[in-house]
Amino acid sequence: MTRSSWVETSLSEVPKTSHDLSLSYLSPDARLAILTDYTEHRTRVLRGEPLGLDPARFPNQPWLAPAARGLRRCPPDEDVRGYGIFTFPYGPVTGGVPEAVRFDVRTYGERILELTPVTGFKRRGVLAGIAGLPLPDAALRVERMVGNLSAAHVTAFLTAAESARGLPVPERELWTRALALELQRIYNHLHAVARVAESAAQSVGQAQVHALSEEVLRLAGWAFGHRWLFGALLPGGPDRRLEPSDRRTIGTRIARISADFQTLWDLLSHTRIFVDRIQGTSPIPRREAIRWGAVGPTLRASSVGWDDRVHAPIPPYTDLFVAVPQGIDGDALDRIAVRVGEIQSSTLAIEQILDRWPAASGEIPPEPCVEAHRGIARVEGPNGDLIYDVTMQGDRVAGASCRSASEANLPLLALGSRQSVFTDFSFAWESFGFVIAEVDR
Amino acid sequence: MSTWIQQAVARGRLTTRFPWAPPNEEEAPITAHAPEVPPPATRTLPLAAPVCPTGAIESEGVRQGACIRCARCLSHGLTPTGPVDLMASSIALLRSPSGLRHEPPSVRSPSPGFRRSLHVFLIDVGSCNACNREALGLANPYYDSQRLGIFFTNSPRHADVLLVVGIPTREMLPSLSRTYEAMPGPKAVVAIGACALEGGIFHGNPHAALPLSDHVPVDAYVPGCPPPPLAILSALWRVMRGPPSREGP
Ligand code: SF4
Ligand code: SF4
C-alpha cells in the first residue's frame with residue numbers, strides 16, 4: 001500500500017494532523033554536521049544560553065538540541081530580590097515525582113520566580129560501563145537503563161552499532177523493533193494522560209486510563225514475553241515470525257484499547273475542571289521551543305511538525321505512513337492533546353506494521369556510518385528525538401554516548417514554570433513526560 | 001458524571017481475585033521466577049554459569065535476588081520454573097537478597113501495628129523507572145491495592161512501609177536515611193527488583209553502595225526485573241497480614 005492511499009483511507013479522522021513533507025530527510029553528512037554543533041550546544045546550555053537557532057530558518061536547517069549534565073539553568077526574567085523571596089529545594093525524594101530529582105525553586109509566596117532542575121542523583125554510569133562488552137551484553141544494559149523507554153533506547157543503540165559495524169540486519173528484526181517502539185509509545189502516552197488526570201483529581205478517569213496502560217503492558221508481555229520488552233529486541237534473539245493469528249490478536253487488542261481510550265478522552269476533554277487545570281499551564285511559545293531545541297511531543301505541541309519517523313526515518317519507517325499531530329499554544333493541554341493524537345497515529349502505524357509483516361526474513365543493509373567504525377542513529381522515542389553515537393571495535397562496543405529526549409526538554413520546564421503557581425507544577429511536569437532515568441544514566 | 005460511571009460499569013470487573021484466589025497466567029507472568037535446575041542435573045550449573053550476565057548461577061543453585069530473568073541459561077541446561085504460586089511459594093519474598101530457591105522466606109518482624117491498613121511510600125534510589133511504574137501500578141483497577149487497605153502516600157511521615165526501588169547510588173544515600181528516619185514507627189522496609197537486591201545487571205557498579213541493608217534495615221526482598229505487580233502486592237500483604245490464606249476474607 002502506498003503512502004497516499006493511507007492518507008485517504010485511514011487518516012481522515014486523526015485530529016490536528018499535519019504531515020509536512022516539505023522537510024527534507026537528513027543525509028549522513030548532515031548528521032555529522034549536527035554532531036559538531038552538538039558539542040558546542042552542550043557548552044552553551046551549561047552556561048545557561050539558548051541555542052540561538054533562528055526560527056525563521058527552521059526547520060530546513062539541520063539542528064539538534066543540547067545535552068548537558070548537572071544544573072540546567074534558564075536565566076530568570078529579572079533579578080528579583082526583596083522581602084519574602086526565598087529559594088527552597090524540592091526533592092530528590094518527593095511524593096509528587098516518583099523519580100529522584102531535585103528542583104531549586106525561587107518563590108514569592110505561591111508564585112515561582114525561577115525553577116532549576118538539579119539532576120545527577122541516580123546516575124549509574126551505564127553507557128560508560130558498556131565499553132568493551134560484546135554487543136548483546138551491552139544491549140542488555142542499555143534496555144535496563146530506561147525501563148519504560150527500553151524499545152526506543154535499544155533501537156537507537158543497535159541502529160548506531162549496526163551502522164558502525166556495517167553488517168546487514170535481518171529485516172524482521174527491524175519490523176519487530178518498530179512494533180515494540182509503537183507499543184511502548186502508546187503505553188507511555190496513556191501513562192502521561194493518566195498522571196495528568198490524577199493530578200487534576202479526576203479519580204475515575206485516571207483509574208480507567210491507568211487500566212488501559214496496564215492492558216498494553218499485558219499485551220506486550222503476551223507478544224514479546226516481557227511487559228517492559230526487556231530481551232525482546234536483543235541481537236541474536238528470537239526471530240519473530242508472528243503467525244497471522246498472532247498478528248490478528250495484537251491488532252484487535254490494540255485497536256480496542258485505542259478505541260476505549262478515545263471514549264475516555266472524549267469524557268475527559270469535556271470535563272471543565274480537567275481542561276481548566278491544564279489549559280494555559282506552562283506554555284512554550286513556538287519561538288522558545290525552537291531556540292532551546294525542544295524535541296518530541298513538547299516541540300510538536302508548540303506547532304513544529306518535526307518527527308524523526310517522518311523526517312529522518314530509519315527502516316521500516318521509510319515505508320510507513322505516520323501522522324504527526326501538532327498543537328498551537330504549546331501549553332500542557334496541547335502537549336497532552338498531541339499525545340492523544342499520537343496514540344491514534346501509533347495504532348495506525350501498528351496496523352500497517354502487522355499488515356506488511358515480512359513473510360521471510362531477508363536482510364537489509366545498515367544505515368551508512370559517519371566514520372569508520374562509528375555510527376549515529378536518531379529514533380523518535382515516546383518523548384522525542386533520541387540520538388545514539390556508538391563506536392565499535394569488531395563485535396565489541398568501544399564507546400557509546402547518547403542525547404536523550406528528556407535532557408533536551410529539561411530547560412523548557414524551567415522556562416514554562418516561570419510565573420506559574422506551585423500548585424500547577426505537577427501538571428507541567430507530567431505533561432512534559434520527563435523520565436529522569438534517561439537524563440541520569 | 002453518569003457517563004463516567006457507565007464507562008466503568010461497561011468495562012466490567014477487572015480486579016484480580018488475589019489474595020483470595022491464585023492469580024491467573026496474565027497476572028503472574030512466567031518472568032516472575034528465576035530458572036531452576038532440573039533435579040538430577042546439578043552438574044549443568046557450571047556449564048550455564050558463564051553465560052549468566054549477573055553471576056546469579058552458583059554451584060548450589062540460582063540466586064533469586066541476583067537473577068534478572070534474561071533466560072540466557074535456558075539454552076544451557078536450566079529450565080524455566082512453572083507458573084508462579086504466589087499463594088504458597090517463597091517467591092514473592094526473600095529473607096535475604098541472595099536467597100536460593102529452596103530457602104524458606106520469612107518477614108523480619110511482622111508488625112501487629114499494620115493489621116488494618118498499610119501506607120506505602122516509594123523511594124527511587126537509582127532505578128530504570130520500570131520498578132517504579134510496576135509498584136505504583138498496584139493502584140490501578142487491575143490490582144486495586146486499596147481494597148486490601150494498601151495505600152500509596154505522598155509523604156514519608158504518613159508511611160508504614162518504605163518501598164525501595166533501584167540500585168542505591170551514593171548520591172541518594174543521605175536522602176534514603178533521612179526518609180527512613182522521617183517515618184513514624186512501627187515501620188518496615190521492602191526492597192523490590194534485582195537492582196535493589198544485588199545490583200541486577202548493574203552489579204559491581206562503582207556508583208552504587210550495596211547492600212541496601214547497610215543503610216536501612218530491610219524486612220523483605222522481592223526479586224524480579226522488574227517484579228510483576230502481584231509479587232509486590234503479595235509482599236506488602238505479607239508484611240501487613242502474614243502469608244496469604246486460601247480462605248476468603
Ligand atoms: S540472570 Fe539470566 S542467565 Fe542468569 S540465572 Fe537469571 S535467567 Fe539465567
Ligand atoms: S530491577 Fe530491573 S526493572 Fe527494576 S530498576 Fe533494576 S533494571 Fe529496572
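Readers should treat all values here as calculations from the given coordinates under stated rules, not as data from a laboratory. As the structure is a computational prediction, the values presented were derived from the model and not from experiment. Here Cβ is always computed from backbone atoms with ideal geometry, including for glycine, and neighbour counts include all displayed protein chains.
Data overview
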{"quantity": "Spin-label pair B:GLU60/A:ALA359, simplified geometry with 7 Å Cα→Cβ offset, distance in nm", "calculated": "5.6"}
{"quantity": "Approximate shape of region B:118-241 as ellipsoid semi-axes (Cα gyration tensor, √5λ), whole Å, largest first", "calculated": "22, 17, 11"}
{"quantity": "Residues whose placed amide H lies under 5 Å from that of B:LEU118, excluding near-sequence neighbours", "calculated": "B:ILE150, B:PHE151"}
{"quantity": "3J(HN,Hα) from dihedral phi, region A:155-170, Karplus parametrisation 6.51/-1.76/1.60, rounded to Hz, x for glycine, proline", "calculated": "4, 5, 4, 5, 4, 5, 5, 5, 5, 5, 7, x, 9, x, 10, x"}
{"quantity": "Phi-based couplings in Hz for region A:372-386 (Karplus 6.51, -1.76, 1.60; Gly and Pro marked x)", "calculated": "4, 6, 10, x, 10, 9, 10, 10, 7, x, x, 9, x, 3, 10"}
{"quantity": "Label zone at A:THR249 (point 7 Å along Cα-to-Cβ), backbone N below 17 Å, region A:355-389", "calculated": "A:355"}
{"quantity": "Cα radius of gyration and Dmax for region A:236-350 (Å)", "calculated": "17.0, 51"}
{"quantity": "Debye, to nearest 20: dipole size of region A:235-383, +1 on Lys, Arg Cβ, -1 on Asp, Glu Cβ", "calculated": "240"}
{"quantity": "Percentage, to the nearest whole number, of Cα pairs in region A:152-287 over 27 Å apart", "calculated": "37"}
{"quantity": "Cα gyration tensor shape for region A:179-252, rounded if a/c is under 1.5, else prolate or oblate", "calculated": "prolate"}
{"quantity": "Cβ-Cβ FRET estimate between B:ALA49 and A:ASP266, R0 fixed at 56 Å, reported to 0.05", "calculated": "0.50"}
{"quantity": "Nonlocal amide H pairs with B:VAL189, under 5 Å, H built at 1.01 Å", "calculated": "B:LEU162, B:ASP219, B:ALA220"}
{"quantity": "Interchain or long-range residues, amide H under 5 Å from B:GLU58's placed H", "calculated": "B:ARG63"}
{"quantity": "Backbone HN-Hα couplings from phi across region A:355-367 [Karplus 6.51/-1.76/1.60, Hz, Gly and Pro as x]", "calculated": "4, 10, 4, x, 6, 10, 8, x, 10, 10, x, x, 4"}
{"quantity": "Contact order relative to length of region B:118-241, as percent, for alpha carbon pairs under 8 angstrom and 6 or more apart", "calculated": "29"}
{"quantity": "Neighbour net charge for A:ALA400 - beta-carbon separation under 12 angstrom, K R +1, D E -1", "calculated": "+4"}
